[in-house]
1. Residue 188 - would you say it is more than 20 Å from residue 44 (Cβ to Cβ) and in contact with a strand residue (DSSP E or B) (Cβ under 6 Å, 6 or more places away or on another chain)?
2. Would a scan of segment 198-205 turn up a residue that is open to solvent by 10 Å² or more (accessible area, probe 1.4 Å), touching a Lys or Arg at 6+ places or on another chain (Cβ under 6 Å), closer than 30 Å to residue 85 by Cβ and assigned to a strand (DSSP E or B)?
3. For residue 104, which of the numbered conditions (1) touching a residue at least 40 places away in the same chain (Cβ under 8 Å); (2) in contact with a helix residue (DSSP H, G or I) (Cβ under 7 Å, 6 or more places away or on another chain) fails to hold?
4. When the residues of segment 184-197 are narrowed to those that are open to solvent by less than 40 Å² (accessible area, probe 1.4 Å) and out of contact with any helix residue (DSSP H, G or I) (no Cβ under 8 Å at 6 or more places or on another chain), which ends up farthest from residue 224 (Cα to Cα)?
5. Take the residues in segment 99-120 that are open to solvent by less than 60 Å² (accessible area, probe 1.4 Å) and out of contact with any Pro (no Cβ under 7 Å at 6 or more places or on another chain); name whichever of them is farthest from residue 25 (Cα to Cα).
Amino acid sequence: MHSTHNPSNKSSSLLSLEIADVSFSVWGDPSIIIQEINPVYKSFIIDDFKSTDKKGMKIHLDMTLTPDISEYRKIFKSGNAWTIYENNEGYCLTLDASENESPFWYLMINYNFNETFVFCSEKVITRKGGKIVIPNPITYPLDQVLLMYILSFINGMIIHAAGVVINKTSLLFPGKSGAGKSTISNLLMGKENFECLSDDRIILRENDGIFKAFGTPWPGDAGIAANKGAPISGLFFLNKNRTTSIKKINPAEAIERLLPVASIPWYHREVFPIVLQFVDKLISNIPAYELSFNKGSEVVNVLEEFVSKQKNRI
């Protein structure tokens, strides 16, 4: 399927994004205008895809046809949001419309996850003065699904967590919806020693033995989405309580708590074991704790004191 579609000689770079040091560059005819309507993505837009040698994906826009995916095998369907298919050449990721309508977007992806052909429905196209105007195709949830796969091959993972930076290291607060991620982010936001990365989703990556956490453009209720990263000093699993305390937990309990909040393609038998290996490596290297807290501001002092004690031990 992919070999039959070649980028046009007139193709030029229309938009480039970088999330957790992974770059996405959208290429197409210069007459195409891509509109990024979500303000949280603004800080993730970069000027020049070619200037980085980091992991990246080149994305080619094809406005000429709708691909035939009848020979693709459905791997997984996420409600009415997106579906991923596979054949012997690669994958097809679709952003779905209603049950009886064709998808808004088709992303035809090679097995290396470094090149994609994007096809869009007429329903997302606006034509103005000879120009074709489309929304950014690499936005939620498609960018998150792409990154879930890309990260699995480069020692990385997405988790539901809030994250803050203090003393140039990051503290992560994993938790399901309602666990208190936005609450603790609001408590820490604006405090002198803390810089928030995200209040809902964090990307974890390991490179040369160093585990780093990155903000993402997928915020929660607090709306925090910083395009920054920092080495991880600890995982703090949230527990709403009357009092505030920090208790260390063993690796087995940490894995048990982390897996339910990790974005893992459990339905994909080739990728699933790779991500589990990363989880095991992460927990073996990064200490994990239970953070009991309430809505009072004492959690700020408790975390500052904890970080200070850890720094003095080094």
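1. Yes.
2. Checked against the condition, which is being open to solvent by 10 Å² or more (accessible area, probe 1.4 Å), touching a Lys or Arg at 6+ places or on another chain (Cβ under 6 Å), closer than 30 Å to residue 85 by Cβ and assigned to a strand (DSSP E or B), segment 198-205 yields at least one hit.
3. Every listed condition holds for residue 104 apart from (1).
4. 185
5. 103
Conditions (1) open to solvent by 60 Å² or more (accessible area, probe 1.4 Å); (2) in a loop (DSSP other than H, G, I, E, B); (3) modelled with pLDDT of 90 or more; (4) closer than 15 Å to residue 117 by Cα, marked per residue:
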position: 6; (1), (2), (3), (4): yes, yes, no, yes
position: 37; (1), (2), (3), (4): yes, yes, no, no
position: 50; (1), (2), (3), (4): yes, no, no, no
position: 61; (1), (2), (3), (4): no, no, yes, yes
position: 69; (1), (2), (3), (4): no, yes, yes, yes
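The values are calculated or read from the model by the stated rules, or taken from the named source; none is laboratory data. If you're wondering where the values come from, they're calculated on a predicted model, not measured in any experiment. Glycine gets a Cβ as well: all are built from the backbone with ideal geometry, and neighbour counts include every protein chain shown. Keep in mind that these areas ignore ligands, DNA and RNA; they rest on the heavy atoms of the full protein, side chains included. Shrake-Rupley method; radii C 1.70, N 1.55, O 1.52, S 1.80 Å.
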